[in-house]
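Notes to accompany the following structure.
Bear in mind these aren't lab numbers, they're just calculated from the coordinates by the rules spelled out. This is a predicted model, so every value here is computed, not measured. Please note: Cβ atoms are built from the backbone with ideal geometry, for glycine as well, and neighbour counts cover all protein chains shown.
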Amino acid sequence: MKTHSLLLALVPFIMGFEMRAQSANTIMQRYQENARIDFLTSEIEYHNHSKRGRVQTRRLRQFIKRRPETQDCYKLTLRFEEPADVRGTATLTIQNNLKDDQQWLYLPVLRRARQISPSRMTDRFMGTEMTYEDINKYLSEPRGSYAYRVVDKETVNGSDCIVIEALPVLGTERKNSGYSKRLLWINNKNYTNVKTLFYDKSGQELKVYEAFGIEKVKGANHYRPKRATMKNLKTGNWTEIFYHNLQVNKAIPDRTFTLAYLEEE
């Protein structure tokens with residue numbers, strides 16, 4: 001009788017846990033669906049701010065294409081245009097479903113593209129406060145590699161958000177990631193990522209990402225920020241990101257996502 005009573009008492013707890021997990025997964029699925037595109041091009045400015053007030057500016061172009069044989073895997077090419085010391089530098093990212101994603105970096109001084117190993121995903125990207133891992137997750141959230149749960153509700157920058165904890169569950173993700181977990185603030189109306197708090201391997205707060213000026217892209221059922229920031233909470237340095245001349249679902253030649261294109265000067 002006691003065992004039966006205990007089981008009955010646990011039912012609401014178990015059901016509540018399952019509902020919260022299902023709710024978190026549903027929210028992340030909608031977030032992924034909102035971010036889904038076939039093609040995207042834009043101009044980007046990185047403003048790297050030091051805690052002492054120095055500012056370094058980089059300008060580049062981005063090209064994104066969804067892989068047609070997948071639902072949420074993408075190809076991304078970034079080509080730097082200014083200043084002169086980084087002009088021609090380019091990266092190529094290819095996301096894969098059943099194996100590690102691939103990334104290459106082309107440096108004009110070397111005249112060849114070299115592949116970035118998974119162990120270097122935590123390296124800073126071109127002097128910014130972002131890493132190669134961040135660039136990859138910017139394309140799409142690898143939902144199969146994480147366990148999600150709703151932990152809070154909060155208003156951020158005027159947006160009512162659901163706060164979701166993301167914990168890596170795959171061994172390769174835990175090994176290669178620079179983060180022990182992330183907290184994501186997802187807008188509960190348009191399912192955009194308004195804020196992300198990153199925790200280092202020891203569980204301490206490391207960085208915070210925030211998006212501003214999120215608007216619906218003209219001619220598409222798709223939302224994107226006009227500006228974003230990534231702040232390192234330990235060093236005080238931060239990167240400000242501006243997006244200009246954004247175009248969605250205008251076809252991009254396949255050659256744009258090849259090593260040959262990276263190595264053009």
Taking every C-alpha to C-alpha distance in the range 131-265 and binning by 10 Å from 0, the per-bin percentages run 10, 35, 35, 18, 2
A correct fewest-to-most ranking of Lys231, Lys195, Lys226 by other Cβ atoms within 10 Å would be Lys226, Lys231, Lys195
The chain: relative contact order from alpha carbon pairs under 8 Å, six or more residues apart, as a whole percent, is 20 percent
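Taking 0.36 nm per intervening residue step and subtracting the Cα-Cα distance, what contour gain separates Arg52 from Arg124 on full extension?
Additional length available on full extension: 24.0 nm.
What is the gain in length, in nm to one decimal, between Asp160 and Glu81 on full extension, counting 0.36 nm per residue of separation less the C-alpha to C-alpha distance? Could you put the intermediate results ahead of the total?
Numbers: separation 79, 0.36 × 79 = 28.44 nm, distance 3.72 nm.
Extra length available between Asp160 and Glu81 comes to 24.7 nm.
Obtain the radius of gyration and the Kirkwood radius of the range 212-262 from its C-alpha atoms and give Rg over Rh. Intermediate values should be presented prior to the final figure.
Details: Rg = 15.6 Å, Rh = 13.8 Å.
Answer for the range 212-262: 1.13.
Within a 10 angstrom radius of the beta carbon, how do His222, His244, His47 rank from fewest other beta carbons to most? Kindly include the intermediate steps, with their values, before the conclusion.
Numbers: His222 20, His244 11, His47 16.
So the residues, fewest neighbours to most, are His244, His47, His222.
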Given 10 °C, 1.306 mPa s and a Kirkwood radius over Cα pairs, the Stokes-Einstein diffusion coefficient of the range 10-262 in µm²/s is 83 µm²/s
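If I stretch the segment between Arg59 and Ser117 completely, what's the gain in nm (0.36 nm per residue apart, minus their alpha carbon distance), one decimal?
Details: separation 58, 0.36 × 58 = 20.88 nm, distance 2.54 nm.
Roughly 18.3 nm would be gained on extension.
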